[in-house]
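The values are calculated or read from the model by the stated rules, or taken from the named source; none is laboratory data. These numbers come from a predicted model, not from an experiment. Positions of Cβ are backbone-derived with ideal geometry, glycine not excepted, and every protein chain shown enters the neighbour counts. These accessible areas exclude ligands, DNA and RNA; they are computed on the full protein's heavy atoms, side chains included. Shrake-Rupley method; radii C 1.70, N 1.55, O 1.52, S 1.80 Å.
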Amino acid sequence: GLRLVVVIVLSTWIGMAATAVLIAVRCVFVIPLMAWLRNRQDRSRDLLGRMGDFRERVDAAPDHPRKAQVERRLDRVEADAQFYTGQMLGWRGGAVIAWSGMRGVVTLAAAQSLPHSLPYRSELTLIAFTVAIVTLIGHGSTLPWLIRTLGVRGDDEAQQREDYLRLVEELSRATMDALDSDA
């Protein structure tokens, strides 16, 4: 009786400590990731500023068999740069990413797959269950509050609809051009 209660309480505390370590590790991972994305955004902004010069040099170059290939590559690089420039991930977005990514379901599944003969298997499963419950309920239920508190705005639905329609139009045009060139 008492031993079981002690094991349950101790396993739960170990699970809570493991959850705190997981949150800290997640933050340690997300902070450099956000710095890298910010750097990528700054470099993309600089690249967009120089893109006109690149295009002028390609346009001024005499016809070359690989000119179309270079132009397609410039289009891709410019699209990537516009994407990274348009992403506004600051510290608020990083906090949401760090907080929203924690789920212990995989940990629980891994603990369930341990051999039954393993010593302390039930305690390990309880620890994994504690991690899963705390991260699922704790993080999941507080995420909307965190988003509101930090003032993170979602995507503009009208802009997404416009982008989607533009993409469909571009795909249709590219398809028609490909069909016309085969004919």
*Is there a residue in region 123-142 that is open to solvent by 30 Å² or more (accessible area, probe 1.4 Å) and more than 21 Å from Leu22 (Cα to Cα)?*
no
*Residue check: is Ser113 small (Gly, Ala, Ser) and open to solvent by 80 Å² or more (accessible area, probe 1.4 Å)?*
yes
_Looking only at region 122-146, and only at residues there that are of a type in the set (S, T, N, Q) and in contact (Cβ under 8 Å) with a residue 40 or more places away in the chain, the one that is farthest from Gly94 (Cα to Cα)_ = Thr130
*Would you confirm whether any residue within region 78-86 is open to solvent by 90 Å² or more (accessible area, probe 1.4 Å) and free of Cβ contacts under 8 Å to residues at least 60 places away in the same chain?*
yes
_Matching option when the condition is of a type outside the set (Gly, Ala, Ser), under 16 Å from the mean Cα position of the chain (by Cα) and open to solvent by 90 Å² or more (accessible area, probe 1.4 Å), among Trp99, Trp91_ = Trp91
*Meets criteria (assigned to a helix (DSSP H, G or I), closer than 25 Å to Ala24 by Cβ and without any contact (Cβ under 8 Å) to a residue 40 or more places away in the chain) for Thr149*: yes
*Can you name the number of the only condition in (1) in contact (Cβ under 8 Å) with a residue 24 or more places away in the chain; (2) open to solvent by 80 Å² or more (accessible area, probe 1.4 Å); (3) closer than 21 Å to Ala174 by Cβ that Arg45 fails?*
(3)
